[in-house]
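A quick write-up on the structure given underneath.
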Amino acid sequence: MASHPPALDILVREPDGFSVWSGPPYPTGSAPPVRLPKTACSATYFSSDGSRLLATVASASAAVYDCRTLSVVRSFELPGLLAAALSPAGTFLQTFQKSSSPQEKNVTVWHVDTATALYQHYQKNISKATWPMVQFSADESVACRMMTNEIQFFEPKDFTKGFVYKLRMPGIATMQLASAPGSHVAGFVPEAKGVPASVQIFSCDKDAQDQAVARRSFFRCSTVQFHWNKGSTGLLVVAQADVDKTNQSYYGETKLNYLTTDRAFEGIVPLKKDGPVHDVQWSYSGSEFAVVYGFMPARATIFNKKCNPLLELGEGPYNTIRWNPKGRFIVLAGFGNLPGDMAFWDYSEKKLVGKTKAECSVTSEWSPDGRHFMTATTAPRLQIDNGIKIFDHNGSLQFKKMFEKLYQADWKPEAPEKFSDIADLTISLGSIKIEETKKQVSAQGSKSAQPSSKAPANIAAKPTAYRPPHSKNSADVQDKLFGGLASTGGEMSKNALRNKKRREKQKEKKAAEGSGASADDN
């Protein structure tokens, strides 16, 4: 258990700038304490370890903050700035600027502390798949970038040498360096001239790159998403095709492949339901992964590193999964074009602990200590109802704040090992609830022991309402379709209530017309 865990911080960015709040819990009815007042910017990014924060002003400048003191470490004047990124520990800054000619080098790797340009080269344009140009391992001991038909490796301690060795990979379109540790790199080569697409894993050791450590080939694949586990022993590959030849999905076809660096498994993850792969995430330990897949209602399953199913989380309107950094709690959610249902699972106890809703959420993430779950409705995806909601680990709403317009809401990253285990909190909360229950029971017992002259001797049982035989099957179908989230109470939705009123008005109108017609006949 950590003796002094770090404080939680939340970064909030609005149209006129960003600010940093102290994290929950917050006293009831009070606003979050502001650690850093609103500062003008156009984009903000944390380093992966949470030690530094990057704030940029489009086409003008970049500033790097120390997250402990929230003071500026270094400022850079960068005319024509289009993109910027921090290395995992905040040691290096990459920038991409407008360039008028190939002779003008527009991609620069800076040393943050000294503001020294360590390496520069020309790049015509960038995309989500190619930025940042240089990828680092978590400890910044390995650095590499993708170029035409090859992957180039750098010596992070001396970028002035340029790339020190390269790995030939003809036709490479996407690459991903394993982060913790940076021992392997994966590359994707698209399908071309009848040759199937392939994903290959190579060692980052120069002397061990003679052949691929693992390889997987497949047809009908245009793009891929890579998901390395902690330990860099397993790689999940979501292979996506623009067209579904089975005509079952308008959005194309997706398959989930799994490769291990020891070649223990190379193949497709055995999913028990047809349909797209909506989301996949490794646990923090890297020993299990969770998948949400299939046509709606989607199914969720947890697998071990050998691709054997460990736990079924049922079916429902879900397309998002978020695993708590401590590895104990899991959130299944349906965001985007789904109604925002969220199911909170206790993985250690293998049980559902709570359900709630967060409609219109665009982003969602657990806090580093694993005790709070934050959802945010942000622009430009949604221009109305922007705001932040923070839930407890069992789904109870702790905090809510609405904004005229909100662009970003992020937790400051921290290593989960710095925080105490969630079990300590749940045990203490459980003991409090038990004590409260005992007090309530004892109070009720003392009241019931007192004689009451008002109570009748015999109380007749209230008759239950008639239910037609088919209604039971209907309830079962709804429960299966909505994953247990279908409404079972007497409350009607707004649309249903509106339709009911419309039908009643139509009946009244017809009755009035009928009575008028009978009067004319008489």
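Which loop-located trypsin sites (Lys or Arg not before Pro) does region 344-405 contain, where loop means any DSSP state but H, G, I, E or B and the Cβ has at most 16 other Cβ atoms within 10 Å?
350, 381, 405
Charges at C-beta only: +1 for Lys and Arg, -1 for Asp and Glu. How large is the resulting dipole of region 273-421 about its Cα centre, in Debye rounded to 20?
Using only the charged Cβ atoms, the result is roughly 40 debye.
For a test of the definition: using alpha carbon positions, the gyration tensor, and the 1.5 limit on a/c, classify region 1-126 as rounded, prolate or oblate.
prolate
Could you tell me which of the pairs 357/412; 230/351; 230/272 are separated by over 29 angstrom between their Cα atoms in the structure shown?
Flagged as over cut-off: nothing, all pairs pass.
Placing +1 at every Lys and Arg Cβ and -1 at every Asp and Glu Cβ, with all other atoms neutral, what dipole size does region 133-268 have around its Cα centre, in debye to the nearest 20?
Charge dipole, region 133-268, about its Cα centre: 240 debye, nearest 20.
Need one word for region 355-406: rounded, prolate or oblate. Basis is the Cα gyration tensor (sqrt eigenvalues a ≥ b ≥ c); a/c below 1.5 gives rounded, then a/b vs b/c decides.
prolate
How big is the gap, in Å, between the Cα center of region 76-103 and the Cα center of region 115-145?
10
How do 145, 263 rank by accessible surface area computed with a 1.4 Å probe, from largest to smallest?
Order by accessible area, largest first: 263, 145.
At a 1.4 Å probe, what is the % contribution of carbon and sulfur to the accessible area of region 41-129?
The computed percentage sits at 50.
Which value, in Å² rounded to 10, gives the accessible area of residue 210 with a 1.4 Å probe and all protein chains present?
Rounded to the nearest 10, that gives 150 Å².
Whole number in Å², please: accessible area per residue of region 41-129, 1.4 Å probe, ligands, DNA and RNA not counted.
Using a 1.4 Å probe on heavy atoms only, each residue of region 41-129 averages 47 Å².
Could you look at region 133-268 and say what percent of its accessible area is carbon and sulfur, using a 1.4 Å probe and all protein chains?
49
Mind listing the phi-derived Karplus ³J(HN,Hα) values for region 346-354, rounded to whole Hz, using 6.51, -1.76 and 1.60 with θ = phi - 60°, and x for any glycine or proline?
So the J values, rounded to whole Hz, are 9, 5, 5, 8, 6, 8, 7, 10, x.
Which net charge results for the neighbourhood of residue 189, defined as the other residues with beta-carbon distances under 15 angstrom from its beta-carbon, given Lys and Arg at +1 and Asp and Glu at -1?
Cβ neighbours under 15 Å give a net charge of +3.
Could you report region 133-268's accessible area per residue, 1.4 Å probe, as an integer in Å²?
Computed with neighbouring chains in place, this is 49 Å² per residue.
Which shape class applies to region 273-421: rounded if a/c is under 1.5, otherwise prolate when a/b exceeds b/c and oblate if not, where a ≥ b ≥ c are the square roots of the Cα gyration tensor eigenvalues?
Here region 273-421 falls in the oblate category.
Can you pick out the pairs among 157/405; 389/505; 128/255; 98/418; 98/166; 161/193 whose Cα atoms lie more than 31 Å from each other?
157/405; 389/505; 98/418; 161/193
When only the heavy atoms of the protein chains count and the probe is 1.4 Å, how do 377, 116 rank by accessible area, highest first?
Sorted by accessible area, descending: 116, 377.
Using a cut-off of 14 Å between beta-carbons, work out the net charge of the residues near residue 383 (Lys and Arg +1, Asp and Glu -1, residue 383 not included).
-1
Ordering 169, 147 by how much accessible area each has at a 1.4 Å probe, largest first, what is the list?
147, 169
Give me the net charge of residue 123's neighbourhood, meaning all other residues with Cβ under 15 Å from the Cβ of residue 123; Lys, Arg count +1, Asp, Glu -1.
Combined, the nearby Lys, Arg, Asp and Glu give +4.
How far, in nm, would the chain grow between residue 285 and residue 417 when pulled straight, counting 0.36 nm per residue and subtracting the alpha carbon separation?
Here the answer is 46.4 nm.
At a 1.4 Å probe, what is the % contribution of carbon and sulfur to the accessible area of region 273-421?
49
The values are calculated or read from the model by the stated rules, or taken from the named source; none is laboratory data. Note that the structure is a prediction, hence the values are computed from the model and not measured. Neighbour counts are summed over all protein chains in view; Cβ atoms, including those assigned to glycine, are modelled from backbone coordinates with ideal geometry. Quick note on the areas: whole protein, heavy atoms, side chains included, nothing else; ligands and nucleic acids left out. Shrake-Rupley method; radii C 1.70, N 1.55, O 1.52, S 1.80 Å.
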